[in-house]
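Right, one structure below, let's go through it.
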Amino acid sequence: MLEIKNLHARIADDGTEILRGVNLTVKPGEVHAIMGPNGSGKSTLSYILAGKTDYEVTDGDILYNGESLLELSPDERAAAGMFLAFQYPIEIPGVATMTFLKTALNAQRKARGEDELTTPEFMRRVKEKAAELQITMDMLKRPLNVGFSGGEKKRSEILQMALLEPSLCVLDETDSGLDIDALKVVSDGVNALRSPERSFLVITHYQRLLDHIVPDVVHVLSRGRIVKTGDKDLALELEKNGYADYVGAAA
Amino acid sequence: MNMELRTLETKAEAVLAEAYETVRDALPGGASVAKLRAEAFDAFRATGLPHRRVEEWKYSDLRARLKDVPAFAAKRSDADAEAVVASAGEAYEAVERHRLVIVDGHYHPELSDVAALAGEGVTVRPFAEALAAEGGTLLDLPVVARDDAAVGLNAIFCADGLDMMIADGAKLTKPVEIVHVSGAEAASTAERILIRAGAKSEAVILQTFVGGVEGTFSNTLTDIRAGKGSGLTVARLQAEAAGTTHIATATLTLAEEAHAKLICAGVGSGFARHQSFVAFEGENARADLLGITMVRDRQHVDQTLVVDHAVPHCESREIFKTVVDDGAKGVFQGKIIVRPHAQKTDGQMMTQSLLLSENADMSLKPELEIFADDVQCAHGATSGQIDEDLLFYLRARGIPEKEARTLLVLAFLSEAVEEIKDEIVIEAFENRIRSWLSAEE
Ligand SMILES: Nc1ncnc2c1ncn2[C@@H]1O[C@H](COP(=O)(O)OP(=O)(O)OP(=O)(O)O)[C@@H](O)[C@H]1O
Ligand SMILES: [Mg+2]
């Protein structure tokens, strides 16, 4: 599904190197967790996967179903099945949430050669998924994310994911800002999407998310490299001992 | 007159001066009107067309723009005028409305819904008829508009147009559209429109300016008088052809407790200036001014407004949004004046521009002139570009770049669009905005 090979990337503006040789392979249906200290490059990796041009790939490649993603624009990647749930979802005043959702969904369908959804069918899907994520229709009447609380924004991201039905879901700290009940709701939402064809890359600092969304593989990213890979027990160990054992290894 | 001035006179100025000499005796109105025209002409002779050294016109040099001025248009036959209107396209095609037709500055009653309007309590008559009946006082304008050069030029030449009187208490069931169409031969126009809304009347008036060709020079003036307690919306849509020059002045006078909304969308002309002069004459009145301007290529569009709070307890709100692409130029000048005794004035002016290209240019000049102490007045002016992070967010959800940009431009304009409140106007404007955006290369 996803193969990241020796990925080096720097900030386009000033040339600061952030990723220094990331290798990672995610198979269909797998859930991989990425943990690691603040500033180690987790969000950067997620942005590069989604196609943000603030970063420049200087070496290596990202293969998605065997094809390089690097030449694709963000929207082409999305239509191909990539989804990034942002660590900090942004507010877009003046863009109605419903208009946004419909435009995004239909743009992806169009890019894949599928028919656009009719408004009633679209509404039916939104209502259903919103209810599962305990998002009120009232929230959806507002401009995109505007005035949403931190937790509401995160739920809004998962709603988008549920509607767009991507095949690779990258969740960047979706758990941060969620209260205990919301964490459960969001995790259930994610788990409902798990399938043999869909893979997840879950970036998190905390074991508690991984209690709900149980990973197949856990990686530690430190200073732009994956310094340790293990099974779900690795996360438990990190919770207990911190990163001290691994951060040194990256130097 | 100082003869030296003549050596500095441009060709356009000479043509206009000659045009006046030729038509002066044929212009409508009695002695009082002729006197006003002569005074306006003297002022024109002294100062010429407004140019960059005239403070109010410093960003829009009309003298430099007008290389020449075509002759004032003759009135067409109704059949001919109808054909011109038909070829111009409609902004409100699907809307049930009363229509008043002006072609090349001439009002065509036979093509207009005069009888239906009479049934709603609205009397419409040709401007010349009103001028003959009421004399020079009909040309009276708010103090802040009087000295303006384009206003003066309109006073010299205004010969046709219409006078619309909405009876006290009349609540119109349908909007009234005044269509101003310029034909396919370059001509000058200087029509004047009077809209007098009686006490407690309610109406929505749509003014559309379309057509024209390279060289067309329109200098229209719409004089709106909102009577006591009236509720009036005047939505102006200027979408003339790219080669035209258009000066569109609107004056708005508000009586006590009147609530008027003056909306101006400008997407047309190579060189356009929309001027709005607002004067509060009665207390507890409110004026909302909304502007949506979109320019590209080498277009130059200027939104200039002066709001004169001459009496206490009035409110004014101005929201002006400008989108500038390519090497186009946008101008916003807004002035709020609060006179010494106009206490409890509440005036808020906001203007924002969105520059879509490196070469796009925007000049902003917001001003407050406050002479009363117990007032609430503020203005804000910003200029920016499309936020790349927002663009990335939309694209990361699968929305292609062009569509994402369209969404963000619509989002930028939304604040002004929402304030329109009238669904008919919103729909027509949104259609315009979308077609503007989809025409983008
Ligand atoms: N556009 C940018 N401009 C400047 N510095 C950047 C930019 N993007 C990332 N960085 C820097 O790169 C490093 C990695 O940042 P990144 O956001 O990827 O870390 P992270 O692992 O997601 O951290 P956290 O756990 O705090 O979310 C940081 O030092 C950050 O300051
Ligand atoms: Mg991060």
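The values are calculated or read from the model by the stated rules, or taken from the named source; none is laboratory data. Predicted model only: the values in this text are computed from it and were never measured. With ideal geometry, Cβ positions are generated from the backbone for all residues, glycine too; neighbour counts draw on all protein chains shown.
Structure data summary
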quantity	calculated
Check on A:ASP181, touching a residue at least 24 places away in the same chain (Cβ under 8 Å) and either charged (D, E, K, R) or part of a helix (DSSP H, G or I) (or both)	no
Filter result (within 21 Å of A:VAL57 (Cα to Cα) and away from ligand 2 (no atom under 16 Å from the Cβ)) within segment A:28-46	none
Candidates A:ILE180, A:ILE213 - the one that is surrounded by 20 or more Cβ atoms within 10 Å (Cβ to Cβ) and either aromatic (Phe, Trp, Tyr) or in contact with a helix residue (DSSP H, G or I) (Cβ under 9 Å, 6 or more places away or on another chain) (or both)	A:ILE213
Residue satisfying all of: in segment A:30-48; within 7 Å of ligand 1 (Cβ to nearest atom) and of a type in the set (Gly, Ala, Ser); nearest to A:VAL218 (Cα to Cα) among these	A:GLY36
Candidate set: segment A:186-210, residues that are surrounded by 19 or more Cβ atoms within 10 Å (Cβ to Cβ) and in a helix (DSSP H, G or I); chosen: the one farthest from ligand 2 (Cβ to nearest atom)	A:GLY189
Test: A:TYR64 is within 11 Å of ligand 1 (Cβ to nearest atom) and under 18 Å from B:ALA396 (Cα atoms)	no
Hey, B:GLY282 under 18 Å from B:ILE433 (Cα atoms), small (Gly, Ala, Ser) and at pLDDT 95 or above or not	no
Residues that are assigned to a loop (DSSP other than H, G, I, E, B) and more than 14 Å from chain A (Cβ to nearest Cβ), drawn from segment B:377-386	B:GLN385
A:ALA78 vs. criteria away from ligand 1 (no atom under 16 Å from the Cβ), under 23 Å from B:GLU430 (Cβ atoms) and under 17 Å from the mean Cα position of the chain (by Cα)	no
Segment A:208-222 - residue that is farther than 15 Å from A:GLU30 by Cα, in contact with a Leu (Cβ under 9 Å, 6 or more places away or on another chain) and within 15 Å of ligand 1 (Cβ to nearest atom) and, of those, farthest from the other protein chains (Cβ to nearest Cβ)	A:VAL220
Helices (runs of 4 or more DSSP H) within segment B:387-441 that include 3 or more residues touching a residue at least 40 places away in the same chain (Cβ under 8 Å) and either at the interface with chain A (Cβ under 9 Å from one of its Cβ atoms) or of a type in the set (D, E, K, R) (or both)	B:401-420
Where A:LYS102 falls short, out of the listed (1) surrounded by fewer than 22 Cβ atoms within 10 Å (Cβ to Cβ); (2) free of Cβ contacts under 8 Å to residues at least 60 places away in the same chain; (3) over 30 Å from A:ASP138 (Cα atoms); (4) among the basic types (Lys, Arg)	(3)
Filter result (within 14 Å of chain B (Cβ to nearest Cβ) and within 16 Å of ligand 1 (Cβ to nearest atom)) within segment A:155-186	A:GLU157, A:VAL170, A:LEU171, A:ASP172
Filter result (surrounded by 14 or more Cβ atoms within 10 Å (Cβ to Cβ) and within 16 Å of ligand 2 (Cβ to nearest atom)) within segment A:1-23	A:ALA9, A:ILE18, A:LEU19, A:VAL22
Strands (runs of 3 or more DSSP E) fully within segment B:260-376 counting 3 or more residues that are aromatic (Phe, Trp, Tyr)	B:271-280
